[in-house]
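The values are calculated or read from the model by the stated rules, or taken from the named source; none is laboratory data. Just so it is clear, the structure is predicted and the values come from calculations on it, not from any experiment. Glycine gets a Cβ as well: all are built from the backbone with ideal geometry, and neighbour counts include every protein chain shown.
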Protein chains: 2
Amino acid sequence: MKSTSRTELRRLPNRGSSDPDVIHSILDDAFLAHVGFTVDGQPFVIPTLFGREEDKLYLHGSSASRMLRHLDTGVPACVNVTIVDGLVLARSAFHHSMNYRSVVAFGTARKLLEPSQKTHALRVISEHVIAGRWQDVRSPSEKELKATTVLEFAVEEASAKIRRGPPLDDEEDYSLPVWAGILPLGLEQKAPVPDLRLAAAPEVPPYVLRYRRPSQLGG
Amino acid sequence: MKSTSRTELRRLPNRGSSDPDVIHSILDDAFLAHVGFTVDGQPFVIPTLFGREEDKLYLHGSSASRMLRHLDTGVPACVNVTIVDGLVLARSAFHHSMNYRSVVAFGTARKLLEPSQKTHALRVISEHVIAGRWQDVRSPSEKELKATTVLEFAVEEASAKIRRGPPLDDEEDYSLPVWAGILPLGLEQKAPVPDLRLAAAPEVPPYVLRYRRPSQLGG
């Protein structure tokens, strides 16, 4: 990955990073990406699950998906991944903000054709979203693989942007009698809901019970 | 808002809606939007806080922001808002999915110039992100308003896409001894973290303590 004018950080450079380790760790803490592409001058932004392997992102969906069919043509695309860590409540409206970790990545996608490559990529996505699940479930059949488009998005450029820490108010505002601080937010799980048609009532697997996205709340 | 070929749902129509009430309720349950636009053929996707008023979305940021300066030129843009409600764990890899509520909106943005309009829009954003906060904090000064770009994004077309409910497996897979069900996920708050420089140690306001995004977990 390199960093050029597309990814250069124009403001608040202290919040930016092009460190691959930082970028990878944000990508690995998330499982939802927003993919942007342009059709006849009209921008589209589509949410999708993804997986990461080195500097490649894998996306998948129905072979009928407009997004996947369009991206497959090798057009320039943009992937954004953002994790909200908290609301920053300052003493002035102006200094309100959000604590977050975000990655923007540029590149082009190509369709995987080999069934073994497709299966590998689907496994990477599955393990990225919920590690441990893949070995428990029925693998994709030949027919299912054909009905699934799998894209490899090679990241050409990427940068991370992070805000953490307390509100930063104007010096004269610190004496205002206003509560200020961080409201930490994070993605949390509730109790798993078993499918009503569970056959032999198998136990909830540990990777479901203990599911957590690594997260630095509030910071 | 209308619905045309840009927003028509090509697959799984049972998951789609162009009902304005459905679209508004998803927009109001979220506070983070992903905005897509194209510069010289290169798509960009940027995360940003937003507020809604009728069929208008308000976005804001530094006047130095590349995104806001570009959108201000009246180019076509796309806004996506997605709320993750849970992971759908099926018996086959193929039928894994996500429960979510998502809105895609198309339109163009214009920069607000009148200070009173800008202040109004900033209040809408603030109340959208954390209702009750605006009246407690110092309002924007003239200088701060000048340093803030506020965009009004008039939604021309929008559609919602929703998945809820249990996994839907192939009939022959229901007998597999695999745990299946929903892992509900949602944005949750942790205990507020007071700023270390709080002056008179005011109490945490109720709208911070009881902050909740309305959410239909798991479904």
Select from the stretch B:163-188 the residues that are part of a strand (DSSP E or B) and in contact with an Asp or Glu (Cβ under 9 Å, 6 or more places away or on another chain) and list them in ascending order. B:163, B:181, B:182, B:184, B:185, B:186, B:187, B:188
Given (1) more than 9 Å from every other protein chain (Cβ to nearest Cβ); (2) surrounded by 21 or more Cβ atoms within 10 Å (Cβ to Cβ), number of the condition residue B:36 does not satisfy: (1)
For residues that are more than 30 Å from residue B:177 (Cβ to Cβ), among the charged types (D, E, K, R) and in a strand (DSSP E or B), scanning just the stretch B:85-143, find the one that is nearest to the other protein chains (Cβ to nearest Cβ). B:138
Residue selected from the stretch A:86-98 under the condition crowded, with 24+ Cβ neighbours inside 10 Å and not aliphatic (A, V, I, L, M), by the criterion farthest from residue B:210 (Cα to Cα): A:91
Looking at the stretch B:119-143, which of the residues that are over 17 Å from the mean Cα position of the chain (by Cα) and under 19 Å from residue B:55 (Cα atoms) is surrounded by the most Cβ atoms within 10 Å (Cβ to Cβ)? B:119
Counting just the residues of the stretch A:163-186 that are more than 7 Å from every other protein chain (Cβ to nearest Cβ) and in contact (Cβ under 8 Å) with a residue 24 or more places away in the chain, which one comes out farthest from residue B:188 (Cα to Cα)? A:170
Looking only at the stretch B:59-84, how many residues end up being over 19 Å from residue B:45 (Cβ atoms) and either at the interface with another protein chain (Cβ under 9 Å from one of its Cβ atoms) or in a strand (DSSP E or B) (or both)? 1
Filter the stretch A:12-45 down to the residues that are at pLDDT below 95 and in contact with a His (Cβ under 7 Å, 6 or more places away or on another chain), then identify the one that is nearest to residue A:97 (Cα to Cα). A:37
